[in-house]
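One structure is given below, encoded as structure tokens.
The values are calculated or read from the model by the stated rules, or taken from the named source; none is laboratory data. Fair warning: this is a prediction, and the values are worked out from it, not measured in the lab. Positions of Cβ are generated from backbone atoms using ideal geometry, with glycine treated the same way; all protein chains shown enter the neighbour counts. Side chains included, ligands, DNA and RNA excluded: accessible areas come from the protein's heavy atoms. Shrake-Rupley method; radii C 1.70, N 1.55, O 1.52, S 1.80 Å.
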Amino acid sequence: MLTKVILQANIDKVAKYFERADKIVIVTHVSPDGDALGSSLGLLHFLETQEKNVHIIVPNAFPDFLRWMPGAKDIIRYDKYSEFADELIAEADVICCLDFNALSRIDAMAKPVAASAGRKVLIDHHLNPEDFCRVTISHPEISSTSELIFRLICRMGNFEDITREGAECLYTGMMTDTGGFTYNSNSREIYFIISELLSKGIDKDEIYRKVFNTYSEDRLRLMGYILYDKMQVFPRFHAALIWLTKDEQSKFHYVKGDTEGFVNIPLQMKGVCFSVFLREDTEKNMIKVSLRSVGTFPCNKVASEFFNGGGHLNASGGEFYGTMDEAIELFKQALVKYEDLLNKPVGGINLVHT
């Protein structure tokens, strides 16, 4: 049995919204990741069993390694079809806002979503949600938004209406947002949910292969280049930094998703508890910042204080508007400020300088 995490009043409201709605739009954050797409597609497949007219709209492109997901081919990109998307948003009876906590996270879609008369429902697991929806289901203690969607469907009494396709999407979201269940995944209820998704006929091993073992030759060569030339280790702080410019990405024919997971690689080194990846964005004039940690080091605090971002204790993101050299210098300043925390024991093991 699952703990009743979501308030019953919110369950009842969402169930009523869905029951009365004919047209439903699902939106998620810019540069959608596995959880954004997994939760959106998982909800879409459920709502289609309820004979609803449902569309997913995303701000921009998502990684190629997620295109296999059932229903992904019908996702509408706002940056390509904004007029059509605006019509759908304006006409929607319900708008489900998944895996983001502020309208700014959906870029140009923010204005039409805010203006729509449709009832808005936020379902998310990030800290400090803004108040822009009639119903806010926000649970930062939950591993993924996909897990929240599973819990919502079950609490509405519709577990039987989760299809195999929907289960594949929800599992993908849970898997990717926990790094293959390697962080933020110690709750026993996660594995109960996995067993329930398996009962729908999913092949979790095949899903893993589709997500993690279908990269291109260019991506592997880029990884090698980063490890050899672009990784710097800071033993005093038990931290590591990797960075990439636009020119370097172009050299390896970068496509969206090619650097997915790179920030986790330095954490494989003994004694490293904090890793940061700085990448010049190929679409906007800014530097994307990915932060990961192990143990109790709060990379979300670093993201918030230094890089205009936030997220979870061990997995966060941010943005920097300036040069790469300036971003690297800011990272070094963060190391100095957080030196005491970076030198705390991790998992009961004392970190020592090398």
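Structure values in brief
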{"item": "Set Leu227, Leu198, Leu127, Leu222: member being within 25 Å of Val294 (Cβ to Cβ), open to solvent by 30 Å² or more (accessible area, probe 1.4 Å) and without any contact (Cβ under 8 Å) to a residue 60 or more places away in the chain", "result": "Leu227"}
{"item": "Complete set of residues in segment 103-116 that are farther than 17 Å from Lys284 by Cβ and touching a residue at least 24 places away in the same chain (Cβ under 8 Å)", "result": "Leu103, Pro112, Val113, Ala115, Ser116"}
{"item": "Verdict on Lys256 being part of a helix (DSSP H, G or I), in contact (Cβ under 8 Å) with a residue 40 or more places away in the chain and not β-branched (Val, Ile, Thr)", "result": "no"}
{"item": "Any hit, segment 121-140, residues being touching an Asp or Glu at 6+ places or on another chain (Cβ under 9 Å), assigned to a loop (DSSP other than H, G, I, E, B) and more than 19 Å from Ser31 (Cβ to Cβ)", "result": "yes"}
{"item": "Set Asp64, Asp12: member being of a type outside the set (Phe, Trp, Tyr), at pLDDT below 95 and open to solvent by 40 Å² or more (accessible area, probe 1.4 Å)", "result": "Asp64"}
{"item": "Subset tally (residues that are of a type in the set (S, T, N, Q) and out of contact with any Ser or Thr (no Cβ under 7 Å at 6 or more places or on another chain)) for segment 1-54", "result": "6"}
{"item": "Filtered residue count, segment 73-116, keeping only those that are touching a Lys or Arg at 6+ places or on another chain (Cβ under 8 Å) and either part of a loop (DSSP other than H, G, I, E, B) or open to solvent by 10 Å² or more (accessible area, probe 1.4 Å) (or both)", "result": "5"}
{"item": "Residues satisfying the stated conditions in segment 183-195, i.e. free of Cβ contacts under 8 Å to residues at least 24 places away in the same chain and open to solvent by 50 Å² or more (accessible area, probe 1.4 Å)", "result": "Asn186, Arg188, Tyr191, Ser195"}
{"item": "Given (1) in contact with a Ser or Thr (Cβ under 7 Å, 6 or more places away or on another chain); (2) closer than 24 Å to Ile202 by Cα, index of the condition Ile89 fails", "result": "(2)"}
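Here is a yes/no grid of residues against (1) open to solvent by 30 Å² or more (accessible area, probe 1.4 Å); (2) assigned to a strand (DSSP E or B); (3) in contact with a helix residue (DSSP H, G or I) (Cβ under 9 Å, 6 or more places away or on another chain); (4) in contact (Cβ under 8 Å) with a residue 24 or more places away in the chain:
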residue	(1), (2), (3), (4)
Asn285	yes, no, no, yes
Lys288	yes, yes, no, yes
Arg292	yes, yes, yes, yes
Phe297	no, no, yes, yes
Val302	no, no, yes, yes
Asn308	yes, no, no, no
Leu313	yes, no, yes, yes
Glu319	yes, yes, no, yes
Glu326	yes, no, no, no
